[in-house]
1. With a cut-off of at most 14 other beta carbons within 10 Å, and DSSP calling the residue loop, which trypsin sites (Lys or Arg not before Pro) in the range 95-189 qualify? Please list them.
2. Hey, what do the phi angles of the range 382-388 turn into as Karplus ³J(HN,Hα) couplings, whole Hz, using 6.51/-1.76/1.60 and θ = phi - 60°, x for Gly and Pro?
3. Skip the ligands, DNA and RNA, and give the accessible area per residue of the chain with a 1.4 Å probe, whole Å².
4. Would you mind checking which residues have amide H under 5 Å from Tyr700's amide H? H placed 1.01 Å from N; only 5 or more apart, or other chain.
5. Going highest first, how would you order 932-944, 486-498 by mean Cβ packing within 10 Å?
6. Checking a compactness column here: for the range 179-332, what do you get for Rg(Cα) / (2.2 N^0.38 Å), N being the number of residues?
7. Can you give the log10 of the normalised intensity I(q)/I(0) at q = 0.04 Å⁻¹, computed with Debye over equal Cα scatterers of the chain?
8. Over the chain, with every protein chain in place, what whole percent of the accessible area is carbon and sulfur at 1.4 Å, could you tell me?
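The values are calculated or read from the model by the stated rules, or taken from the named source; none is laboratory data. The structure displayed is predicted, hence computed values, not measured ones. Heads up, the Cβs are rebuilt from the backbone with ideal geometry, glycines too, and the neighbour counts pull from every protein chain shown. Remember, those area values only see protein heavy atoms, side chains included, never the ligands or the DNA or RNA. Shrake-Rupley method; radii C 1.70, N 1.55, O 1.52, S 1.80 Å.
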Amino acid sequence: MAYVETAEKDRFSLLLLEPGEIYFEDFSVYYYDEKLAEPEAIKRKQKGRLKVCSKSILFDPQDITLPILKFPLKECVVIENWVRPLLSKLGNKGGVIHIRCNQVVEMLEGGFIAPYKFKREARSCLFALNYVNADDCVSQMSQLRRAATLPAAEQASMIAAIVLSRQSRVSFDTSWLEDLYEKIVMETTGNKITPLVVNPGRILLTCSRLYFQPYNNAEPWPVLKIKLSSITRVVKRRFLLRHVGLELYCPDEYSLKHLFLTFKNKEDRDTLYTEILKQPALRLEDTGQENMTLLWQNGVISNYDYLLYLNSLADRSFNDLTQYPVFPWVIADYTSTHLDLTNPSVYRDLSKSVGALNKERLKKLKQRYDEMSEPKFLYGSHYSTPGFVLYYLVRKMPQYMLCLQNGRFDNPDRMFNSIADTWRNITTNSSDFKELVPQFYDTETKGDFLCNIQHLDFGVRQDGTKVGDVELPPWAEDHYGFVQTLREALESDFVSQHIHEWIDLVFGYKQQGEEAVKANNVFYYLTYEGSVDLDSIKDLNEKYCLEVQIMEFGQIPKQIFVQPHPRRHSLSISVPLIEKSCLNSGKAFSEELVSDKRDSNDEDSQRKLRTNTIGQQWSSSMSSLELIAEHKLHKDAVTAVCISKDSKSVFSVSLDSLLKMYSLEEKRQLRSINISHMALSSCYLMEDGKTIVVGSWDNYVYKYNIEYGKVLENTMAHDDAVTDICWNNDILVTASSDSSAKVWHYGPHQSLRTHSTADLLAELDHEAGVSCVALDRNNTLLVSGTTDGHINIWNLSSFSLMDNFTIHTALVTDVAFSPGPAPTSWLKAVPYLAKKKGRLLQKDQMDCRSKYSSTIASCSTDQTLKVLDVKTGTQVFSKDAGEELRCLCWDGSTVFTGGERGNIMIWDLTKAQLLNTIAGHIGPVICIDGSEDGSLVVTGGKDKKISVWKTL
C-alpha cells in the first residue's frame, strides 16, 4: 500500500471530502469513545483536530497509525453538548460535544492510501474541546446537520447561505501584507480551484502582489502571496460552463506554477482581471501564444505542444478535472508485435470522432438518433469527464479517485487494465467514446501512470489476477517505450497531415451545429457552452441537477475555430513553408486613401504603402540592414518604389507627380518624367524590364516605356484616385477610393500609342475605399484591403467574393500573398485569363482555395502585422509593432515592414518573432521593395528620400 507522503499535520486533505464540499474550521479536541467505561475511555483518549465541513465532521487523530474518522452529517442522529457525569472527570473547561452517528467512515489508517472503511453501526463519540466554548460549535454543527436532511438542491442552497453569512464577517488580515506600504487596489472573494476541490477565501490585490487568504487552514500556508512581477500569464477561464474563472501562471522554478481562481460572477472576475493588467509591476511574457498556429505549421513547435496550447485556449486546465486537457487516440493497432509508423494503416482515422470509428456501431447510434426527440444526440457519454481522466490516472492519483467515487476504487474488471482492451472497448461499446489524456504522450513522465508504483490494492479480477500495471501492446518494450512510441506517432508525418481534422471536431467548426451533425459529432446538449444559463434558473432543484450533470457528464471545449483549421506544412516537403518555397513574382502596391486629392500637403494624404512578393527565396539568416545609398530624388513624399530584376535600377513615384529612375551602378538619376498633373500613387515594373505601370490620383493608369521615353498607354480606370495596382502575366488589378477594384487584361501593343489596349474583365465592389490589392502567383486569387479594416479574397475564375475578414481595426495599408508554390497537379489546372464573351476561361473548373492553399500578410494603421491562412480563413500570426505600419514586403518567411516613426522592422515568421528594428527615415516609411534574391531592400519615405539597404 502507498503511504500518504505528507507531514502529520497535513494528513488531512480536502480530497477526503466530497467534491466541492466546504471545509470551515477545526478545533483542538480529545476524543473519547462513549461505549467504553469511564476509566478505559479516559485512558484511551486520542488527541487530534475536529474538523467541521459542510456535509461531514471529521476527527483527525494526532497518532497517524489511527484512522481519520468521518461522520456524515446526514447520518448523524445527535449533535449536542455533553452534560453527563463524565464531563466532570475530563477537567475540560471548554465543554464536550456528543455526536451519535449511524455510520462512520475510517480513512487513511496507518497513513496508507486504501479504500475507505464504511462502518454501518451506531457510534457515540465525545469530543472535549480544549480552547473554545462548546455552545458555539454545537450551534454551527446543528445548523449544517439540518441542511443535510434537506433534498440535495435545498441543501446546497442552505449551505451556500451559511457560507455567505460566515464569509461576510471575515475580511483580509492586512498584517499578512509583505510590505505595509503596499497600496491596496481591490479586495474580493473567490475560490481556489484544484482537481475536485473548491476552497473559498479572500483575494486581495495590491500594487505589487496578489494574495489569497483561505477561510480555513486546509492549505499549507495561511496566506498565498504571488508577486505581480513573477506572473507570466493571466488567462480568463470557464468553470462549469460559466465564464467566472481566472488562471495565473508563474515560471517553472516557482513552487506554485499556476493558480486557478473562480468568482461569484463574470463581472467580479473581469474586474480583477482588468485591475491586475493595470498594475505597473506586472511584466507578462510575450509568449507569442497568438502565433502558435503559425509556429506549429512551420514545425517550430511539436504537435504535442500545439495540442496543449489549444486545450489551454479552449479553457481546459490541469486544475479542473471537469475540463481536463484532451488528446486523441492516434494509434489503432494494439495487437501487432511490430509497429511500422510509416504505414498509414496503423493510425486511427482522425477525421472521425471516436464514436464514428466503427461503422456498425455508428449505424445503430444514428438509427437511435433519428428516432429521438429534440434535443438529439448521438453519444450518450462523453470523450472527457472526471471519471475518464481518473480511469487513466488512478495509479498516479488514487486519492482523487477515492474522492470522486466516495472512498472506493472501481470494480477491478472495469479498471484500466489493458491498452488493447480499452481501445477495443471504445471502438465497439455503445456507451464508451473516451479520448486520451496528455500523459500518454508526455515522455517526461516515462509512463509512470501506467505502473502501480505505489503498490496499491485495487483488488482481484474475475480471472484471479491482481490488478497491477497496465498491460501493454506486444509492440511496446516497456511503459516508457510505449509512451515514446505514442509520442513518435503523434509527431509523425501522417498525424501531422491529419491532426487538423481532429482539431476541427474537438475545438473547431465541426464541434457544433450543422457541421457537427454532418461529421457525426453530436453530444448531449448540456455539454456545450451556451446551452443553458445557470444564473437565470430560479428553481433550486433544476439548477442543482444541471450543475451535477455538467460536472459529471463532461464538457465540450470552448470553440476556438469557426472555419476549417489550417493543415500543417509537410515536414518532408515544405516545412517550414517559408524555407523551401518557390516565390511569387507578382507585386502589389497600396496607398492609404485620401478624400481630397487636391491637398497634397495634407499629412494624412501623404501615405503610400508598398507590397512586394519576391521571385526567389531570400537568405534565412538576414537580420539586419546596412545603408549603402541615400538620395533625395523627389520634392514630396515618395509613394512607391520598385527594383529592377537585375538589381541595377530603382524606380520611384511621388506625390510630386514625377516618375524617377535611379541607377544603382552609376549612383545617379537617369530619368525624371512628369507622368500626370496629379500625385502618383503606385508603380510596377513589367516582366520586360522596360515598361512601368503607374497609378495616379487623376483616376488613370499609365504605361511608360523606358527605351522610348514615352507613355505608351493611358487608361481611365476609376471614378476616383487610383490608390494601388498589381500586375501579373498581362493581368492588371487597380484599386481606388471609389470603393472598387477592377481587373483588366492587357493585350499586346504593336506600336507606340496612347490609347488603351486594356479590356475590363470585372469590377469588384466593396463597402469602403480599397487601399491595397495583390494577386497570387497564378492569377487565381485576388486579395484586397479596405479603409475600414476588411480583408477580401476574390476568386478570379468567377470574380466572386470568397471570404471577407475583419482582422484589422483600422485602414489596411498593405497586403501580399505568400509566394509558396502550388502543387504540380494544381498548376496543370490553373485558370488562364482570356477575354471571350465577357467571361474568364479556365482549363478545369475547381475551387481555387481548396486546391491551392496559401497565406496573406497584411499590415495596418492599427499597428499590427497579421498573417491569414487563405484556405481556412484562420489568423495564424498577429503582432503589435508599437507603431502604425505603412508597408511590407516578404518572401513568405522574412518580412520587412515600414512604420510611422521611420523604423524598418525585420520579422522572422518561421519563429514568429521580431528580429530587428532599424531607424530608416525621418518620418513614416511609406513604401518598401526588395530584390529577387533579397540582397537589397529599397525604402521611400515622407522625408522625400529613397534609401538603398544591403541585407546582412
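1. On the way: sites: Arg100, Lys117, Lys119, Arg120, Arg123, Arg145, Arg146, Arg166, Arg169, Lys183; in loops: Arg120, Arg169, Lys183.
Counting only loop positions with at most 14 other Cβ atoms within 10 Å, the trypsin sites (Lys or Arg not before Pro) in the range 95-189 are Arg120, Arg169, Lys183.
2. Listing the rounded values in order: 9, 9, 7, 9, x, x, 5 Hz.
3. I get 40 Å² per residue for the chain.
4. Ala717, Val722
5. In decreasing order of mean packing, 932-944, 486-498 become 932-944, 486-498.
6. 1.11
7. Cα-only, vacuum Debye calculation for the chain: -0.27.
8. Values: 18170 of 38560 Å².
That share works out to 47 percent.
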